[in-house]
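Below you'll find the structure, written out as structure tokens, and then a few comments.
The values are calculated or read from the model by the stated rules, or taken from the named source; none is laboratory data. None of the values given here were measured: they were computed from a predicted structure. Positions of Cβ are backbone-derived with ideal geometry, glycine not excepted, and every protein chain shown enters the neighbour counts. We work out accessible area using only protein heavy atoms, side chains counted, and drop any ligands, DNA or RNA first. Shrake-Rupley method; radii C 1.70, N 1.55, O 1.52, S 1.80 Å.
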Amino acid sequence: LIERSLGLTIPAMAYSASVSATAAEAFLKICTACRLELSMHPDGVKSLIQLTEGAIERFPEAEDEARSAPRGAASFPTQARVSIVQGVARVASCMPVEACTETLAALLNPAISRLRQAVEDCSSAMVVKELESLRTAVSFLVTSNKHVESAGEHPVAHILHGTLPILERIYSVSALQMDGEVVSAMYGLLSTSFVCARHVLAPHLDSLLRTAINHFKATHSPCCITCVGKAVEIFAGESIESSAAFSPLFDGMVEAVVEAIRAGHTTSNPEIIDAFFRTAQLFLLFAPTALFQPQSNISPGTSPIEIVMQIIIKCVASDELTSTRSLLLFLSTLLTRFSDTRYSAFKPVFDAAVSRHGSAMVEQMLIGLAASTPAGLTSRQAQALADVTIMYTGQIQGWVYNALVNNPKTFVSVPNQVKEAFVSTVPELAALVSKAREVFTKFGMLAREQMSSGDFLSFLSEARRAVADLHVPPGEVID
């Protein structure tokens, strides 16, 4: 029954784009449902692979298809190809190591040959197709062959080792290096490989990540930064001490992002800021030493976290939803991380950075809260301000005062007496984080004219009473 079902799907793949996609999807479903039965017949699976390759070769050619490409390969639908690869990979993942490796070689060697030729022909569409095929195969082998003892024994080792020189070639071809879809497909493959075949790529890790940072400098593609973050998550998570090896990479990434900001690339592509803070979050969790070196290689006498704070100051009042969310998540994680004893040694470095930039950071956070932060993120902005208040109770009042004085137009809807009451209350809020967040949220609403001054003052008085109640001695009656 399985053979008959597959015998109906494979010939249909050679007809048209719509029929091919439907047939490939059916092929995937059969392989997924019957993977255990099929895995017991590796030679039969190889025969299926040859039949699917034949269907690809017979697929109708597009008018603009590259003459050097195999017949039909360039016009064969990408999603159909992905479905075929996924189906076979699911079956191969159930096989013993040797049979799995041989099956993958039969499946992907034609893809590697097409990829190599596409790079030489500078065919970006074909490069993307084959890179996506390779990524799909790798991604469905993450749980396979649990008894593999070395990187060389991993079923995808041969495939990845054959692909790396082609990726290096892509770096040297200007038209491909600057193609956004090619870059995304290339780093998608690497990121997936870090997860699914970490031991295979471990010996190449440093050069791959340095190349990713250099590639970002050339293309400003956020996926380069995301790939660095994935590597940190996978390779630096074993112990907090191992993070030191990633310090130069973090310096290089920060330097590249600063250059992108100065050149205005983040204005047209805010995804850069989103990728940066998502990756910075991973460094913070898995390689914190990289952030808290006493000195960075970017600017003598300046720690990396100090430069990160300057990026926060530049971006925290943005009206971009996704990048601001990632920034605020990173900031809140950073501010609450020092209660963990593993991070206590880093606090003096952070305190030094805050002493220089805390006032400017709070000022921009309040500007965002009052004017530009997307409505869905004002509570996160308020939470970050509450976290700053708790950590730096002695300084927060002065920072808030300076922000209000320096930006009268932003806070024009807030009467002076309300500003005074707010400034005088802020330090008291450190005793009750929930009230601190609520007060900052309400202040933002007042500045946006979504709340009256009277209502805000009433809420402020309520918050002060709640804080005062915390300090009442046991047994004392509160009137």
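Selection over the stretch 370-406 of residues that are open to solvent by less than 30 Å² (accessible area, probe 1.4 Å), of a type in the set (S, T, N, Q) and without any contact (Cβ under 8 Å) to a residue 60 or more places away in the chain gives a count of 1. Of the numbered criteria (1) at pLDDT 90 or above; (2) of a type in the set (Val, Ile, Thr); (3) open to solvent by 10 Å² or more (accessible area, probe 1.4 Å); (4) over 22 Å from CYS315 (Cβ atoms), the one ILE261 fails is (4). If you filter the stretch 436-449 down to residues that are open to solvent by less than 30 Å² (accessible area, probe 1.4 Å) and closer than 17 Å to ALA466 by Cα, you find that the one that is modelled with the lowest pLDDT is ALA436.
Residue by residue, here is whether (1) assigned to a loop (DSSP other than H, G, I, E, B); (2) at pLDDT below 95 holds:
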| position | (1), (2) |
| --- | --- |
| PHE292 | yes, yes |
| THR324 | no, no |
| LEU328 | no, no |
| LEU335 | no, yes |
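Report whether or not SER355 is open to solvent by 60 Å² or more (accessible area, probe 1.4 Å), in a helix (DSSP H, G or I) and more than 23 Å from VAL439 (Cβ to Cβ). It is true that SER355 is open to solvent by 60 Å² or more (accessible area, probe 1.4 Å), in a helix (DSSP H, G or I) and more than 23 Å from VAL439 (Cβ to Cβ). Counting only helices (runs of 4 or more DSSP H) that sit wholly inside the stretch 1-40, those with at least 3 residues that are under 14 Å from PRO77 (Cβ atoms) and among the hydrophobic types (A, V, I, L, M, F, W, C) are 17-33.
Anything in the stretch 11-29 that is buried (at least 20 other Cβ atoms within 10 Å of the Cβ) and over 13 Å from PRO60 (Cβ atoms)? List them, or say none. Once the filter is applied, which keeps residues that are buried (at least 20 other Cβ atoms within 10 Å of the Cβ) and over 13 Å from PRO60 (Cβ atoms), the stretch 11-29 yields ALA23, ALA24, PHE27, LEU28. On the stretch given as the stretch 79-93, residues that are open to solvent by 50 Å² or more (accessible area, probe 1.4 Å) and touching a Leu at 6+ places or on another chain (Cβ under 9 Å) total 1. Residues of the stretch 106-120 that are open to solvent by 20 Å² or more (accessible area, probe 1.4 Å) and either touching a strand residue (DSSP E or B) at 6+ places or on another chain (Cβ under 8 Å) or within 16 Å of SER139 (Cα to Cα) (or both): none at all.
Is one or more of the residues making up the stretch 149-172 touching a Cys at 6+ places or on another chain (Cβ under 9 Å), at pLDDT 85 or above, of a type in the set (Val, Ile, Thr) and open to solvent by less than 10 Å² (accessible area, probe 1.4 Å)? Taking every residue of the stretch 149-172 in turn, none turns out to be touching a Cys at 6+ places or on another chain (Cβ under 9 Å), at pLDDT 85 or above, of a type in the set (Val, Ile, Thr) and open to solvent by less than 10 Å² (accessible area, probe 1.4 Å).
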